[in-house]
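The values are calculated or read from the model by the stated rules, or taken from the named source; none is laboratory data. As the structure is a prediction and not an experimental result, all values here were calculated from the model. Neighbour counts run over all protein chains shown; Cβ positions are idealised from the backbone, glycine included.
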Amino acid sequence: MARPVFVLEEVIAMLQTTSAPKRVVEAFRQHAEAVAAHRPSTVEYDDVQVASGYGSRTKRGFVELTINDQRTQMDVKKAREIGLMLLESAEAATSDEMLMTLLRDKVGMSEDGEAMQRILLDLREIRQGSRKTVYKT
């Protein structure tokens with residue numbers, strides 16, 4: 001089962017929501033940024049490949065998805081479900097970016113402050129019905 005992955009801003013917002021002291025939040029941010037700076041980055045983008053196939057044993061079509069060196073096969077129904085999830089997530093990401101740009105450039109809020117991060121988490125909760133991963137497969 002896949003585990004959810006959070007970006008630093010989401011973790012910081014969660015810490016702030018739990019009333020963690022500012023010094024703790026800032027220390028966590030500095031440590032996370034230091035760790036990220038030392039992470040090897042041999043791949044600057046993900047190599048994504050998708051192929052269709054036919055199972056001679058199952059007599060069914062399938063979809064093969066490869067991301068970098070990880071390959072998986074799934075039935076056609078699951079592939080369509082994942083495709084829809086990707087499209088919906090892309091739309092949500094665009095919405096998140098537009099909101100953050102509006103708050104930063106037109107309203108004058110700082111992305112470093114907790115207000116923008118809380119607003120973004122609230123928007124996700126309203127949009128998805130949860131702050132957590134909505135689609136679990």
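Miscellaneous remarks
Each row is one residue, and each column tells you yes or no for (1) exposed (fewer than 14 other Cβ atoms within 10 Å of the Cβ); (2) in contact (Cβ under 8 Å) with a residue 12 or more places away in the chain.
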site	(1), (2)
90	yes, no
96	no, yes
99	no, yes
103	no, yes
109	no, no
119	no, yes
123	no, yes
129	yes, no
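- Among the residues of region 52-109, just one is of a type in the set (Val, Ile, Thr), farther than 25 Å from residue 124 by Cα and part of a helix (DSSP H, G or I), namely 76.
- Against the list (1) closer than 30 Å to residue 29 by Cβ; (2) modelled with pLDDT under 90; (3) not hydroxyl-bearing (Ser, Thr, Tyr), the condition residue 98 fails is (2).
- Cβ separations smaller than 9 Å between residues 6+ apart or across chains give the following pairs from region 15-28 residues that are at negative phi to residues that are surrounded by 11 or more Cβ atoms within 10 Å (Cβ to Cβ) and small (Gly, Ala, Ser): 28/20.
- The number of residues in region 1-54 being modelled with pLDDT of 90 or more, surrounded by 10 or more Cβ atoms within 10 Å (Cβ to Cβ) and within 30 Å of residue 80 (Cβ to Cβ) comes to 5.
- Scanning region 61-77 for residues that are surrounded by 10 or more Cβ atoms within 10 Å (Cβ to Cβ), of a type in the set (Asp, Glu) and touching a residue at least 24 places away in the same chain (Cβ under 8 Å) turns up nothing.
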